[in-house]
Amino acid sequence: MRIGEVGLEDGTMHVNVNETIWALALAFALYAGWLDSSTRRIPNWLTVPGFFLGVTVHAVAAGWRGAVVALEGAGLALAILLPLVLLRALGAGDWKMMGALGAFLGPQMLFLVLLASVLVAGLMAVVVMVRANRVRETFRNIGLLILSFLTLGFRAARPDVSLDNPEALKLPFGVAAAVGTLVCFIGLRLGLRFF
């Protein structure tokens, strides 16, 4: 039996675990996106069990090796996005949601989903800043954020260009992650090979 399939000893039942994992990841991402769009929060009661479910499914499917893949995916998401959380440019709920998605998808697919999510978030940001007529201000704030990071590191996130500013334009990154996950899932279903 190949990794990625589970079945009975006599081979009568085979379920593609990758399909199951993708279905769980997609359901998780869509629900998190819906919560983020409606409440602007992604709660721990969703992200923590999501992480453990991702690790458990991989461990059941492929043993210790599967659990390691899930932990690598979660670790990659958390490591890549940590600077944005420390700069207060990304919420902790979004960060933990991506960690849980990493546990479902493993490092390679997580990287693809994260890239798609960032692209979707960028498109969302362009629409929001144009509609709010804040293009110049947004580019100034991005420059200040980068300058602050380069000169002061993570310890001095600027409150005027962070999530702490009540006047800042804020996007529900959970929605972008849900759309990015859906796009990658559809791409794989259509037979696109990303790796």
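Bear in mind these aren't lab numbers, they're just calculated from the coordinates by the rules spelled out. Just so it is clear, the model here is predicted, and its values are computed rather than measured. Cβ coordinates were reconstructed from backbone atoms using ideal geometry, including for glycine residues, and neighbour counts include every protein chain displayed.
Tabulated data
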{"quantity": "Relative exposure of SER38, SER117, SER148, judged by other C-beta atoms within 10 Å (fewest first)", "calculated": "SER38, SER148, SER117"}
{"quantity": "Two-site label geometry, LYS170 and ASN18: point separation in nm, points 7 Å out along Cα→Cβ", "calculated": "3.9"}
{"quantity": "Estimated FRET transfer efficiency (THR151, ILE80; beta-carbon r; R0 22 Å; 0.05)", "calculated": "0.50"}
{"quantity": "Highest-first arrangement of 91-100, 26-35, where packing means the average Cβ count within 10 Å", "calculated": "91-100, 26-35"}
{"quantity": "Label point distance in nm, ARG136-LEU190, each placed 7 Å from Cα along Cα→Cβ", "calculated": "4.0"}
{"quantity": "Cα-based equivalent ellipsoid of region 74-151: semi-axis lengths in Å, sorted from largest, via gyration tensor", "calculated": "25, 16, 10"}
